[in-house]
Amino acid sequence: MSAIPDPHSPRARTGVPGQGRARPRRLAGAAAGALLASGLAACGGGGGDASTLTWYINPDAGGQAEIAARCTEEADGRYTIETALLPRDAASQREQLIRRLAANDDSIDLMSLDPPFIPEFAQAGFLAPVPDDVADRVTEGVVESAVEGSTWDGELVAVPFWANTQLLWYRESVAEEAGLDMSEPVTWEQIVQAAEETGTLVGAQGTRAESLTVWFNALIESAGGSIITEASPGDPSQIELGLTSEAGVRATEVMQMVAESDAVGAAFSTANEDSTATGFESESGGFQVNYPFVYPRALGAAEAGTLDPSVPEDYAATIYPRVDEETPAAPPYGGINLAVSAFSESPELAYEAAECIVSDENQAYYFVTNGNPASSTAVYDDPEVLEAFPMAPVIRESLEQAAPRPQTPYYNEISVGIQRSYHPPSSVQPGETGENATELIKAVLAKEDLL
Amino acid sequence: MSTTTLPPTKKDAPVSAPKVRASDRARGEKRLGWLLAGPAFAVMLLVTAYPILQATYESLFDYRLTDPENRSFTGLTNYWVILTDSLWWQSIGVTAFITVVTVAVELVLGFGLALVMVKALRALRPVLRAAILIPYAVITVVSAFAWQFAFDIQSGFVNSWFAWLPGVSENTDWFGDRWTALLVICLAEIWKTTPFISLLLLAGLAQVPEVLQEAAKVDGATRWQRLWKVTIPNMKAAIMVALLFRTLDAFRVFDSIFIMTNGANGTESVSFLAYRQTIARLEIGLGSAVSVLLFLAVVLIAFSFIKLFKVDLSQARGE
């Protein structure tokens, strides 16, 4: 390697006398010391004032940091909330939090948790019990799916914060051209047909990621089934799956029908929420299932001049498509709930702070500025919310209808098993894929297979 | 004689030094050597040997990070589970494919670059060397993102720039198919690590004695003959060391796959498999077993390089 100095070269042999050499060494020592100290500070955490609460937040448009500042001010010195940023995607957020909590890290007080991972955290004993009075207050006037998503084994283990749901977004002009009556519930077949007739796109998330599980779960729940039929909290080998049930087969049929149609773009097997939103913004945008963020996103693009302002004006939203005409849809439920770490030095203060964070006022602020829908039903009557999100009533209705993803401490195994079996969506076979997935997930849960 | 190299010299028996018992000075130097290298050696043991031993120990257990109470000794069960799983062999296949393709292409490209650098004007050489090094200085995750964005169907420029190539069109979804995804992963790896191999080869090129080249020239050897009969045989050690380092490195490929495909469409490497078991699935026992097997594979590669190709690591330094 050319970087290694040649010991025989004259430069290497001429020693620079004493003084000259000492300084760089001292500098290097100081630099190493500083590095070590900063490294230790980063790892040590915890320390400091017991009234300083650290809130691990998922990345957003700055809303959680602002709410933290507001609650700090409101607390009048009783506590200070500091935020710490987690990675972008939910799976990495879980990985980081679990690694820290498994090491009994007391630097975490509050965490923003994705609902499907809550049972795993609760079962492992990572969450401080919710005091009864707090539980009563934070579930009052909250949409059902958010309460369900914060519950494990019959007990509330987290505080519902904001609740997300996917809607069926459509271009009014396209629906009109196709002659589709959007005031009535529509099915997947109908929107695919309408898109094919009008030469537009149907956007859904076909990439091998959590969003594929979200889609599949919505399909199977809409068909009247469930991914997990028997939860078996204590013993993973007793978990029963409903993938081979009639509803499971029907969900696979719909997935196959959508993926094989001409209405999905060329890159369907790598389509995530963002690329779906981009496709919907394009000229060929027709329909998409996606979270409410797509609306402020389009408005922002129009404001920035990268999107024709007539495009977001053409946006409209309704309840998620049905699998069968007669059965109501079960839209995806997501969002973030707040959990207090079992290793926090001041869980009482943390719950006090959590109650402040999820106040109706803060939820309304978060909804309007960051586009993250509230879990509290009262927020949907707020005039400011209604002005920013004309489709807020649809979001609320969708949340009432929404079905959470399977609740189990082994959620990662179930979800990744589904992603492996049902990806790419164009290759699924009704019946066969469900059997393969069941076999794989059962073997993985029994620790007889790799994932 | 088909190749021309200088006669080998025995390194441990310098001609000028008669065989005697180590002198006080030699012993003193030896002690100083140990004193200087000792701390580094201890740190190496601490940061490499300890985790390896720990992983080997953990691999014998059924141990889930969120359920430490139910940890139980299962012997070699984890290894049996892995070695009888088709996913493991598929990952080995993908990893071997990436390793062979990238290392082969990098060797040829790197050699070309090294020749260019060695022939370049003295004034140009430092600039050229720095320019060639830039990709190697880029963090792998950043380079993976750059390549992903370039080939992305929505934001990428590749589809529109190279639409004239057969098989490429506006609608080519590079990451939607196994082989096209692997192609992009390999391209990113090659772009990033060719500089490393070219610098190692440059050091080797610089060691080829000029006298041999001149002698060959006098004998009427063509440029091509000189390359094959003089240059390459004389830098065999450097080539082998470059190959060894890159093979070991390529076999542990992770970042590009993680960023570009997240293992979809059958692009999972062995490192990725270890990550998925240990970090995502939290099965510390099973994941450790995958890591230990990966470690053994790397040791096997290093061992076979050193034994089969008789790579002498010290030769690369020109000793």
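With +1 on the Cβ of every Lys and Arg and -1 on the Cβ of every Asp and Glu, and nothing else charged, how large is the dipole of the protein assembly as shown about its Cα centre, in debye rounded to the nearest 20?
Details: 51 positive and 92 negative charges, 1831 e Å.
The calculation lands at about 8800 debye.
Let me know the Rg and Dmax you get for chain B when you use only its Cα atoms, in Å.
So, for chain B, Rg and Dmax equal 24.3, 77 Å respectively.
Give the residues of the range A:270-299 whose amide nitrogen is closer than 17 Å to a point set 7 Å from the Cα of A:SER426 in the direction of its Cβ.
Residues A:270-272, A:276 qualify, since their backbone N sits under 17 Å from the label point.
Between rounded, prolate and oblate, where does the range A:339-449 land on the alpha carbon gyration tensor, with a ≥ b ≥ c its root eigenvalues, rounded for a/c under 1.5, else prolate if a/b exceeds b/c?
The shape class here is oblate.
For helix A:188-198, what angle does its Cα long axis make with the longest principal axis of chain A, in degrees from 0 to 90 and rounded to 10?
Taking the Cα atoms of chain A, the angle to A:188-198 is about 90 degrees.
Suppose R0 equals 25 Å; then what is the FRET efficiency for B:LEU109 and B:ILE306 from their Cβ-Cβ distance, rounded to the nearest 0.05? Don't jump to the answer; show the numbers that get you there.
Details: r = 25 Å, r/R0 = 0.99.
Once the sixth-power term is evaluated, E becomes 0.50.
Work out which trypsin sites (Lys or Arg not before Pro) in chain A are exposed loop sites (DSSP not H, G, I, E or B, at most 16 other Cβ within 10 Å) and give the longest gap free of them.
Details: sites that count: A:ARG78, A:ARG88.
In chain A, the maximal stretch lacking such sites is A:89-451.
Filter the DSSP H helices in chain B by two things, a Kyte-Doolittle mean of at least -0.5 and an axial alpha-carbon span of 30 angstrom or more, and list the hits by number.
Numbers: long enough: B:86-119 (49 Å, 1.67); B:178-206 (41 Å, 1.45); B:284-308 (35 Å, 2.39).
Sorted by number, the helices that extend far enough and score high enough are B:86-119, B:178-206, B:284-308.
Mind giving me the FRET efficiency for B:GLU69 and A:ALA446? R0 is 22 Å, r the Cβ-Cβ distance, nearest 0.05 is fine. Please list the in-between numbers first.
Numbers: r = 19 Å, r/R0 = 0.87.
Here the calculated transfer efficiency is 0.70.
How many square angstrom of accessible surface are buried between A and B, both sides summed, with a 1.4 Å probe and rounding to 100? Mind dumping the intermediate values first?
Working: alone 20450 and 19540 Å², together 37120 Å².
Approximately 2900 Å², summed over both chains.
State, to one decimal in nm, how far the label point of B:VAL138 lies from the label point of A:ALA266, with both points 7 Å from Cα in the Cβ direction.
2.3
Would you tell me the mean number of C-beta atoms belonging to other protein chains that fall within 10 Å of each C-beta in A:265-272, as a whole number? Mind dumping the intermediate values first?
Details: counts 4, 8, 9, 2, 6, 13, 4, 0.
Per-residue shielding by partner chains comes out at 6.
Given labels modelled 7 Å from the Cα in the Cβ direction, how far is it in nm from A:SER51 to B:TRP179?
Inter-label distance under the simple model: 6.8 nm.
Heads up, I need the accessible area for B:TRP147: 1.4 angstrom probe, whole protein in place, Å², nearest 10.
The accessible area comes out at roughly 50 Å².
Can you classify the protein assembly as shown as rounded, prolate or oblate using the Cα gyration tensor, where a ≥ b ≥ c are the square roots of its eigenvalues, rounded means a/c under 1.5, and otherwise it's prolate if a/b beats b/c and oblate if not?
Values: a/c = 2.06, a/b = 1.65, b/c = 1.25.
Cα axes put the protein assembly as shown in the prolate bin.
Over the protein assembly as shown, give the accessible area per residue in Å² for a 1.4 Å probe, as an integer.
Numbers: 37120 Å² over 770 residues.
Per-residue accessible area for the protein assembly as shown comes out at 48 Å².
Return the average number of partner chain Cβ atoms within 10 angstrom of each residue Cβ along peptide B:269-276. Don't skip to the end; give the middle numbers.
Details: counts 0, 0, 0, 0, 2, 1, 1, 4.
That average works out to 1.
Using only DSSP helix segments of four residues or longer, with each worth -39500 (n - 2.57), what per-residue ellipticity at 222 nm results for chain A after dividing by its residue count and rounding to 500?
Calculated from helices alone, the mean residue ellipticity at 222 nm is -14000 deg cm²/dmol.
Set the Förster distance to 51 Å, then compute FRET efficiency between A:GLN238 and B:ARG122 from the Cβ-Cβ distance, nearest 0.05.
0.10
Let me have the 222 nm mean residue ellipticity of chain B computed from DSSP H runs of 4+ only, each contributing -39500 (n - 2.57), with the sum over all residues rounded to the nearest 500. Mind dumping the intermediate values first?
On the way: 14 runs with 195 residues, N = 319.
So the helix-based figure for chain B works out to -19500 deg cm²/dmol.
Treat each spin label as a single point 7 Å out from the Cα along the C-beta direction, and report the A:GLU176 to B:ARG27 distance in nm.
10.0
So for the range B:59-317, taking the charge dipole from beta-carbon charges (+1 Lys/Arg, -1 Asp/Glu), which of B:SER291, B:PHE272, B:PHE309 sits furthest toward the positive end?
My answer, from the dipole projection, is B:PHE309.
Within chain B, which is the longest segment that contains none of the trypsin sites (Lys or Arg not before Pro) sitting in a DSSP loop with at most 16 other Cβ atoms within 10 Å?
Working: sites that count: B:LYS10, B:LYS11, B:LYS19, B:ARG21, B:ARG71, B:ARG122, B:LYS310.
That would be B:123-309.
What does the highest-first list of B:264-271, A:284-291, B:155-162 look like by mean Cβ count within 10 Å?
Numbers: B:264-271: 22.5, A:284-291: 24.6, B:155-162: 13.8.
Ranked by mean Cβ neighbours within 10 Å, highest first: A:284-291, B:264-271, B:155-162.
For every other residue with a beta carbon closer than 13 angstrom to the beta carbon of A:LEU399, add +1 if it is Lys or Arg and -1 if Asp or Glu, then tell me the sum.
On the way: positive: A:ARG396; negative: A:GLU144, A:GLU148, A:GLU397, A:GLU400.
Its environment carries a net charge of -3.
Hey, for a label at B:SER155 modelled as a point 7 Å past Cα toward Cβ, could you say which residues of the range A:267-293 have their backbone N under 17 Å away?
In the range A:267-293, the label zone of B:SER155 (backbone N under 17 Å from the point 7 Å along Cα→Cβ) covers A:267, A:270-282.
Hand me the GluC sites (Glu not before Pro) from the range A:235-284 located in a DSSP loop with no more than 12 other Cβ atoms within 10 Å, in residue order please.
Working: sites: A:GLU240, A:GLU246, A:GLU253, A:GLU260, A:GLU273, A:GLU281, A:GLU283; in loops: A:GLU283.
Of the GluC sites (Glu not before Pro), the ones in loops of the range A:235-284 whose Cβ has at most 12 other Cβ atoms within 10 Å are A:GLU283.
Would you mind checking the tilt of helix A:392-401 against the longest principal axis of the Cα atoms of chain A, expressed as 0 to 90 degrees and rounded to 10?
Helix A:392-401 sits roughly 90 degrees off the main axis of chain A.
Where nothing but the Cβ of Lys and Arg (+1) and of Asp and Glu (-1) is charged, how large is the charge dipole of the range A:99-140 around its Cα centre, in debye to the nearest 20?
Working: 3 positive and 9 negative charges, 49 e Å.
Roughly 240 debye for the range A:99-140.
Chain A: percent of C-alpha pairs farther apart than 42 Å? Provide the component values of the computation, followed by the final result.
Working: 24456 of 101475 pairs.
Counting every Cα pair in chain A, those more than 42 Å apart make up 24 percent.
Angle, helix A:18-44 long axis vs. longest principal axis of chain A, Cα atoms, 0 to 90°, nearest 10?
40
The values are calculated or read from the model by the stated rules, or taken from the named source; none is laboratory data. As the structure is a computational prediction, the values presented were derived from the model and not from experiment. So basically every Cβ, Gly included, is an ideal-geometry build from the backbone, and we count neighbours across all protein chains shown. When the accessible area is computed, the model is the full protein with side chains, heavy atoms only, and any ligands, DNA or RNA have been set aside. Shrake-Rupley method; radii C 1.70, N 1.55, O 1.52, S 1.80 Å.
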